[in-house]
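Coordinate-derived values only; no laboratory data. Remember, predicted model here, so these are calculated numbers, not experimental data.
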Amino acid sequence: MSNEENENGFISHLTELRKRLIHSFLFLFLFFIGCYFFAENIYGFLVDPFAKAVKDDGTERRLIFTALQETFLTYLKVSFFYRFFCNLPIYFNANMEIYSTRFIQT
């Protein structure tokens, strides 16, 4: 294998990696927007087991936000983590390209 063929193979791997990373960040942003739209429902789903557990103990307990920005930041965090788990297959797909470039024959 000549040096030029080896370099062309490496460049093609880099362009494929760039394409996969761009797609990964694009989907990351789109899923974040979608998850923030449903953040209140996702938050309710996550808090539901806690609400059921403390409902029958006889005391009045509920989750509250003590500052104005806490609602926004909580929904932002929920949507951030949920979109991360939704995008894991896309991350693994991009990582497969990174790992495949390590094993190029020289």
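Brief remarks on what is shown
- The slack between Thr74 and Phe37, meaning 0.36 nm per residue of separation minus the straight C-alpha distance, is 12.0 nm.
- In summary, no lysines lie within cross-link reach of Lys77, defined as a Cα separation below 21 angstrom excluding same-chain residues under 8 places away.
- Potential extension, Phe85-Phe27 segment - 0.36 nm per residue separation minus Cα distance: 19.7 nm
- Contour excess over end-to-end distance, with Cα ends at Phe45 and Arg18 and 0.36 nm allotted per residue: 6.1 nm
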